[in-house]
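Report on the following structure.
A short reminder: the numbers here are calculations on the coordinates, not readings from a lab. Please read all numbers here as calculations on a predicted model, not as lab measurements. Don't worry about glycine lacking a Cβ; one is built from the backbone with ideal geometry, like all the others, and counts go over all protein chains shown.
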């Protein structure tokens, strides 16, 4: 008979507990450990850039995107901020940020990995410190990135929950790094950033160049000049229109909301104005777009 080895691990835990819990709690059920975030990624989509992708176009998305440069050198313009990036760099793009890429290498030498996702409650405040920061993945991040890639596709190697937790670990790890280097207090935003953030949160309401100027105590020309200076290729009016149409597409494709309700929800004064703007941008009517999507889904 093999002699059973003495298990000393439990004594190590016992000593460790005595060292780290010197003061007894008044109550067994108070003062416990809690996370400082309420954030759960969902609907994760993983894709790699194609050689035909037009990088210079200004893009806006309703989803959050984690972008990792696989090859090449570029400068990303994010809300007018110029961020140089090279192989191995990563950036987190938030919903409704507008961004474009200027390559500093031949197109065939450039590629990136994109992980797009939403948050269950559409609450991204816990990770705002990542906004507009160049991120540097470490070994643990690359390990989690591999797990996410292997969780996608037709033959996933890991269950979905492991993909979700891997993404959450990357975000938390990067947040810790960024916050360690941030100065105390709130980050200061320039006028352009404050105006564009206001548009993102109020585009569903009645909003115009005049209301923007009045809100920030400047002239309409100053608002125009801020957008031109940021070199986004968008005017305030174009940004408002694009955000409204993106929300409309989302509602048409994923809800049963009526056309009239969508028009109202997206800030259009009536259904006719909405339908005309939608057809001008999408080349089909809102109803036709909804029917096309349903037919594709079978």
- prompt: What length, rounded to one decimal in nm, is gained on full extension from residue 124 through to residue 42, with 0.36 nm per residue of separation minus their alpha-carbon distance?
  reply: 28.3 nm
- request: Arrange 119, 250 by Cβ neighbour counts within 10 Å, fewest through most, would you?
  value: 250, 119
- prompt: residue 191 label point, 7 Å along Cα→Cβ, cut-off 13 Å on backbone N: hits in segment 221-248?
  reply: 221-230
query: Rg(Cα) of segment 191-297 divided by 2.2 N^0.38 Å?
result: 1.18
message: Given 10 °C and 1.306 mPa s, compute D for segment 207-249 with the Stokes-Einstein relation, Rh being the Kirkwood radius over Cα pairs; round to the nearest whole µm²/s.
response: 146 µm²/s
Rel. contact order, % - alpha carbon contacts under 8 angstrom, at least six apart, segment 148-298: 14 percent
message: Can you give me the Rg/Rh ratio for segment 250-298, using Cα atoms for both radii and the Kirkwood formula for Rh?
response: 0.96
field: Sequence-separation-based contact order of segment 77-163, relative, with Cα cut under 8 Å and 6+ spacing, percent
entry: 33 percent
query: What nm value, rounded to one decimal, do you get for the distance between residue 138 and residue 155 when each label is placed 7 Å out toward the C-beta?
result: 3.5 nm
statement: Kirkwood radius from Cα pairs of segment 41-181 plugged into Stokes-Einstein at 10 °C, 1.306 mPa s, gives D in µm²/s equal to 103 µm²/s
Length-normalised contact order for segment 230-298 - Cα pairs under 8 Å, 6+ apart - percent: 24 percent
